[in-house]
There are 2 protein chains.
Amino acid sequence: MVNLKVVAFILGILLVITAAFMALAAPVSFFYGDGDATELFLSAFLTALSGFLLWAIFHNCNKSVGKREGYLIVTLGWIVISLFGSLPFTISGAIPSFTDAFFETISGFTTTGASILHDVESLSHGLLFWRSLIQWLGGMGIIVLSLVILPILGIGGMQLFSAEVPGPTPDKLHPRIKETAKRLWGVYCIITLAEVILLWAGKMPLFDAVNHSFTTLATGGYSTKQASIAYYDSAYIQYVISFFMIVAGINFSLSYFALRLKLNRIWRNEEFRAYLSFIAIFTLLITLLVAWQLPSQSLEKTFRDALFQVSSIMTTTGFATFDYLLWTTPAVLLLLVLMFFGGSAGSTSGSIKIMRVMLVLKNGLLELKRLIHPNAIVPVRIDREGVKPEIITNVLAFVTVYILVWVVGVLVISFMGHDIHTSLGAVAATLGNIGPGIGKVGPMYNYGHFSDAGKWFLSFLMLIGRLELFTVLVLFTPSFWKK
Amino acid sequence: MVNLKVVAFILGILLVITAAFMALAAPVSFFYGDGDATELFLSAFLTALSGFLLWAIFHNCNKSVGKREGYLIVTLGWIVISLFGSLPFTISGAIPSFTDAFFETISGFTTTGASILHDVESLSHGLLFWRSLIQWLGGMGIIVLSLVILPILGIGGMQLFSAEVPGPTPDKLHPRIKETAKRLWGVYCIITLAEVILLWAGKMPLFDAVNHSFTTLATGGYSTKQASIAYYDSAYIQYVISFFMIVAGINFSLSYFALRLKLNRIWRNEEFRAYLSFIAIFTLLITLLVAWQLPSQSLEKTFRDALFQVSSIMTTTGFATFDYLLWTTPAVLLLLVLMFFGGSAGSTSGSIKIMRVMLVLKNGLLELKRLIHPNAIVPVRIDREGVKPEIITNVLAFVTVYILVWVVGVLVISFMGHDIHTSLGAVAATLGNIGPGIGKVGPMYNYGHFSDAGKWFLSFLMLIGRLELFTVLVLFTPSFWKK
């Protein structure tokens with residue numbers, strides 16, 4: 001049987017941590033004096049109280065956490081902190097509808113960045129800060145989840161990136177989970193701080209710099225401005241954010257080595273090279289297409305827009321400096337394809353991820369080789385080491401299921417009365433944790449026009465996309481609940 | 001080294017066979033007296049001559065045919081008969097452009113049915129008959145290819161359907177290839193004849209009945225009427241054609257058993273049951289959607305249109321009785337999804353095929369089971385027998401590569417200046433050997449508006465789609481040509 005008590009106990013701890021961060025947003029509110037400090041404190045208090053209650057009731061339980069408990073904690077964890085995380089929005093009245101507030105919050109914690117707000121700037125500083133902090137916390141959760149927890153659970157080939165499992169593991173950070181988490185979070189904080197400083201130096205107000213740094217590192221994409229990064233008419237700021245989006249899409253264990261100046265370990269990493277190559281190729285293609293479409297625009301601006309939008313979509317951040325739907329059709333399609341790439345495994349980005357894209361491509365090519373030499377053993381190699389066939393099957397199953405979920409999602413959304421582009425885009429952008437899509441969820445639109453049913457459905461897609469599908473879907477199988 | 005001489009020798013034989021059938025079209029032309037009899041004879045003569053030349057030059061060669069020769073014969077075979085098969089169209093001047101004539105012919109031999117003609121009825125009876133016969137011959141080729149040749153070559157999990165390979169083979173028809181081919185062709189001819197009689201009985205003119213039966217059994221979809229089956233305002237005719245499209249989408253080795261009244265063998269077949277279930281589910285969904293969209297239309301007509309279009313798209317035939325692009329968005333999306341299904345393996349239909357769709361779905365579900373019981377061996381079962389893991393990997397690789405080719409194809413077509421819908425539709429409909437797609441290649445349009453480059457590219461997609469991708473793609477690998 002699943003040990004539900006320990007699940008409740010750990011959810012209690014998660015709520016207390018969430019409450020602590022929520023309380024941090026209150027002084028910000030107080031400092032700017034534009035309201036919502038009390039509401040934030042109240043929300044934090046209610047969250048902490050609920051957390052302590054769970055803790056108090058269940059702290060004597062059997063603490064053994066198996067795989068099943070693991071899946072349940074991860075999924076329920078994201079749901080429960082989203083429920084409580086939405087309190088400041090509902091209590092303050094900034095987002096009166098519970099559905100909307102929940103959508104906005106789970107979109108934050110899953111680092112998606114799909115918003116129902118059509119006037120972000122009307123929010124108080126406290127709420128804006130909390131909204132960005134949600135994404136930053138979500139990013140922290142994802143790093144530990146993808147580099148420490150999921151490899152143990154064995155989800156969709158994530159073993160590949162584990163420090164625990166033998167085989168082509170990237171780089172053994174530190175055997176102990178706690179230490180690993182601490183170091184990764186240290187890296188996360190240092191890079192966030194670096195971005196704050198560089199943005200501030202580029203004359204972005206400190207408040208905006210902090211918020212955007214939070215949501216860049218999380219590849220979340222919430223902005224304090226309705227126009228997103230297009231608000232800042234500064235090439236410097238746009239290049240800085242492009243750079244940090246790209247950094248946030250790198251496996252954080254590589255960034256750890258980068259900070260320790262072990263640069264050769266990074267360049268030897270095949271996924272890293274593939275990741276940069278994809279960014280370069282897509283940026284080049286889109287630059288050429290847009291330069292041909294808008295010949296009067298300066299080439300620097302065209303390149304900058306292409307680089308920014310490619311980095312933003314590929315890392316699943318979702319910031320925008322330009323309404324890319326105005327670009328020529330093939331450029332839009334290239335971005336739509338990128339929505340299925342994602343950044344590196346072990347980063348905060350969502351979607352399928354480069355490692356899996358690489359494995360699919362390599363395995364496809366090797367399938368041809370295997371046809372000619374049917375008796376030879378032709379393994380897929382990553383970083384020069386053969387990948388076990390079971391992992392290839394895991395990865396291929398993940399990719400096909402990802403596409404199936406997308407297809408079913410598109411059908412469901414179209415049944416709700418949305419047009420083809422919007423359906424294709426909204427599902428790709430929520431399942432992939434990107435935010436803006438195509439059609440009526442393009443970068444100049446928001447998700448406010450969906451029905452409540454649509455918002456709950458898209459929230460579900462954000463959740464399963466964020467948690468690598470199987471973590472959530474496994475809860476719906478009868479054998480999960482059997483002895 | 002690849003034995004190119006035996007390849008040329010066999011291509012010679014293929015050309016002589018093609019010429020014999022081409023010569024059959026000449027008397028039809030003569031009988032109706034509307035021209036092109038001489039042109040058909042001349043084309044047949046030139047084709048036969050080329051065939052005999054190849055035969056004469058190479059008939060003393062080493063006759064050993066290995067795997068590599070197999071791949072080369074299959075791919076070049078389809079190309080060479082399409083080149084010569086287009087002669088009647090160019091020599092008669094009915095299709096003056098060589099590109100157009102080749103497109104029309106390879107679209108026929110691959111049983112796609114994508115046409116560049118915008119006035120089919122202006123063709124002479126002889127040419128119309130040849131055009132339908134091309135599809136019927138293509139269908140004959142595909143049955144033998146998919147049930148006899150590809151299983152030996154081991155393409156994309158086709159071993160599953162082989163009568164030769166141990167494992168979950170469907171039903172051992174007859175050990176010897178020649179006998180198997182003969183029996184399958186017998187079934188093909190008998191069913192074609194049955195359709196001719198039933199259509200004729202329904203007051204379709206005999207000429208039309210023969211042509212439509214040819215192109216139904218091939219799941220090709222060429223019609224003698226520009227309006228396709230919508231021309232015949234007869235519920236009887238439309239139901240008859242729906243029925244035979246569904247039959248043509250069944251594994252022909254099952255139809256062989258059906259004709260021998262071994263019905264229990266058919267119902268025991270899991271792919272068959274899944275195939276019928278998918279048709280039922282999609283027909284029901286679309287009937288409901290369209291009934292809600294067009295409440296004044298009789299429910300029988302709505303159901304008939306839904307059944308016809310679902311059968312046509314799913315079996316990759318491509319006949320139409322209604323411009324389905326006028327349907328509500330989710331119904332159009334359902335058809336777009338169906339374009340990736342295809343009929344059963346071992347039928348004349350193209351696309352991914354039900355067996356592979358089933359394996360992907362089953363494996364996805366089992367992946368969840370494997371997460372909970374990581375040490376248990378949980379094989380995918382088809383017809384109650386476990387499928388070997390290598391075959392699952394083959395199938396998953398096929399499906400992912402199929403989707404990759406589609407995505408790259410869509411990008412290429414959009415680069416040529418086509419809109420998103422047309423690009424998505426044209427590539428899905430040619431790669432899947434369907435014919436009509438969505439956008440400007442919908443059932444009321446044709447492919448005449450593509451540039452020559454576009455037509456050659458789409459021809460290539462029809463070819464690789466028809467030959468299960470890897471058969472063609474393997475020729476582009478360096479290791480194919482190495483010793």
Exercise. So is A:ALA320 in contact with a Phe, Trp or Tyr (Cβ under 7 Å, 6 or more places away or on another chain), more than 11 Å from chain B (Cβ to nearest Cβ) and not in a helix (DSSP H, G or I) or not?
Worked result: no
Exercise. What number of residues in region B:71-118 are part of a helix (DSSP H, G or I) and under 23 Å from B:GLY350 (Cβ atoms)?
Worked result: 27
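So that you can scan it fast, the table gives a plain yes or no per residue for (1) at pLDDT below 70; (2) small (Gly, Ala, Ser):
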residue	(1), (2)
A:SER146	no, yes
A:GLY156	yes, yes
A:ILE197	no, no
A:GLY202	no, yes
Exercise. Could you say whether any residue in region B:439-453 is within 9 Å of another protein chain (Cβ to nearest Cβ), assigned to a loop (DSSP other than H, G, I, E, B) and modelled with pLDDT under 95?
Worked result: no
Exercise. From the set of residues in region A:323-332 that are open to solvent by 10 Å² or more (accessible area, probe 1.4 Å) and without any contact (Cβ under 8 Å) to a residue 60 or more places away in the chain, which is farthest from the other protein chains (Cβ to nearest Cβ)?
Worked result: A:LEU326
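In region B:46-70, which residue that is part of a helix (DSSP H, G or I) and at pLDDT below 90 is nearest to the chain's Cα centre (by Cα)? Let's see the steps before the verdict.
Initial filter on region B:46-70 (part of a helix (DSSP H, G or I)): B:46-58, B:67-70.
Those left that are additionally at pLDDT below 90: B:67-70.
Details: B:LYS67: 23, B:ARG68: 24, B:GLU69: 23, B:GLY70: 20 Å.
Only one residue fits best here, namely B:GLY70.
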Exercise. Can you pull out the residues in region A:397-412 that are more than 8 Å from every other protein chain (Cβ to nearest Cβ) and open to solvent by 10 Å² or more (accessible area, probe 1.4 Å)?
Worked result: A:VAL405, A:TRP406, A:VAL408, A:VAL412
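Pick out the one residue from B:ALA280, B:ALA230, B:ALA209, B:ALA248 that is within 30 Å of B:VAL357 (Cβ to Cβ) and open to solvent by less than 30 Å² (accessible area, probe 1.4 Å).
Working: B:ALA280 fails: open to solvent by less than 30 Å² (accessible area, probe 1.4 Å); B:ALA230 fails: open to solvent by less than 30 Å² (accessible area, probe 1.4 Å); B:ALA209 fails: within 30 Å of B:VAL357 (Cβ to Cβ).
On inspection, the qualifying residue turns out to be B:ALA248.
Kindly indicate whether any position in region A:19-30 is out of contact with any Cys (no Cβ under 6 Å at 6 or more places or on another chain), open to solvent by 80 Å² or more (accessible area, probe 1.4 Å) and not basic (Lys, Arg).
Yes, region A:19-30 has at least one match.
Would you call A:TYR239 part of a helix (DSSP H, G or I) and buried (at least 18 other Cβ atoms within 10 Å of the Cβ)?
Values: part of a helix (DSSP H, G or I): yes; buried (at least 18 other Cβ atoms within 10 Å of the Cβ): no.
Answer is no for this residue.
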Exercise. What pairs come up if the first residue lies in region B:14-36 and is over 16 Å from B:LEU206 (Cα atoms), the second is open to solvent by less than 30 Å² (accessible area, probe 1.4 Å) and not in a helix (DSSP H, G or I), and their beta carbons are under 7 Å apart, counting only those six or more places apart or on different chains?
Worked result: B:ASP34/B:SER124; B:GLY35/B:SER124; B:ASP36/B:SER124
Exercise. Scanning region B:45-61 for residues that are over 21 Å from B:ALA23 (Cα atoms) and not hydrophobic (A, V, I, L, M, F, W, C), which turns out most open to solvent (accessible area, probe 1.4 Å)?
Worked result: B:ASN60
Problem set entry | Subset of region B:436-453 (residues that are open to solvent by less than 10 Å² (accessible area, probe 1.4 Å) and touching a Phe, Trp or Tyr at 6+ places or on another chain (Cβ under 8 Å)) | B:VAL441, B:GLY442, B:TYR447
Exercise. So is A:SER344 more than 11 Å from chain B (Cβ to nearest Cβ) and farther than 16 Å from A:SER277 by Cβ or not?
Worked result: no
Problem set entry | Odd one out for A:VAL337, checked against (1) modelled with pLDDT of 95 or more; (2) open to solvent by less than 10 Å² (accessible area, probe 1.4 Å); (3) at the interface with chain B (Cβ under 10 Å from one of its Cβ atoms) | (2)
Exercise. Any idea which of B:SER64, B:SER107 is polar (S, T, N, Q) and surrounded by 22 or more Cβ atoms within 10 Å (Cβ to Cβ)?
Worked result: B:SER107
Exercise. Of the residues that sit in region A:352-391 and are within 8 Å of another protein chain (Cβ to nearest Cβ) and either touching a His at 6+ places or on another chain (Cβ under 6 Å) or under 24 Å from A:THR316 (Cβ atoms) (or both), which one is most open to solvent (accessible area, probe 1.4 Å)?
Worked result: A:LEU361
For this session: Answer yes if at least one residue in region A:338-350 is under 28 Å from B:PHE341 (Cα atoms) and more than 20 Å from the chain's Cα centre (by Cα), and no otherwise.
Result: no
For this session: Using the structure shown, decide if A:PHE98 is closer than 24 Å to A:VAL472 by Cα and buried (at least 22 other Cβ atoms within 10 Å of the Cβ).
Result: no
Seminar exercise, completed: By residue number, the members of region B:67-91 that are open to solvent by 20 Å² or more (accessible area, probe 1.4 Å) and of a type in the set (S, T, N, Q) are B:THR90
Exercise. Just wondering, is there one or more residues in region B:392-411 that are modelled with pLDDT of 95 or more and more than 23 Å from the chain's Cα centre (by Cα)?
Worked result: yes
Seminar exercise, completed: Taking region B:414-423 and keeping residues facing chain A (nearest Cβ under 9 Å) and open to solvent by less than 40 Å² (accessible area, probe 1.4 Å) leaves B:SER414, B:HIS418, B:ILE420, B:SER423
For this session: Residue by residue through region A:292-317, note down the ones that are open to solvent by 30 Å² or more (accessible area, probe 1.4 Å) and either part of a loop (DSSP other than H, G, I, E, B) or farther than 20 Å from A:MET444 by Cβ (or both).
Result: A:TRP292, A:LEU294, A:PRO295, A:SER296, A:GLN297, A:SER298, A:LEU299, A:GLU300, A:PHE303
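Quick one: how many residues across region A:255-272 are open to solvent by less than 60 Å² (accessible area, probe 1.4 Å), under 21 Å from A:PHE244 (Cβ atoms) and in a helix (DSSP H, G or I)?
Here is the first cut: in region A:255-272, the ones open to solvent by less than 60 Å² (accessible area, probe 1.4 Å) are A:255-258, A:266, A:269-272.
If we keep only those that are under 21 Å from A:PHE244 (Cβ atoms) too, we end up with A:255-258, A:266, A:269, A:271-272.
Next, from what is left, pick out any that are in a helix (DSSP H, G or I): A:255-258, A:266, A:271-272.
Total satisfying the criteria: 7.
Checking the conditions here, which among B:GLY186, B:GLY126, B:GLY138 is modelled with pLDDT under 95 and assigned to a helix (DSSP H, G or I)? Steps first, answer last, please.
Working: B:GLY126 fails: modelled with pLDDT under 95; B:GLY138 fails: modelled with pLDDT under 95.
Of the residues listed, the single one that is modelled with pLDDT under 95 and assigned to a helix (DSSP H, G or I) is B:GLY186.
The values are calculated or read from the model by the stated rules, or taken from the named source; none is laboratory data. No experiment lies behind these values; they were computed from the predicted model shown. All Cβ positions, glycine included, derive from the backbone under ideal geometry; neighbour counts span all protein chains shown. For accessibility, only protein heavy atoms count, side chains too; no ligands or nucleic acids. Shrake-Rupley method; radii C 1.70, N 1.55, O 1.52, S 1.80 Å.
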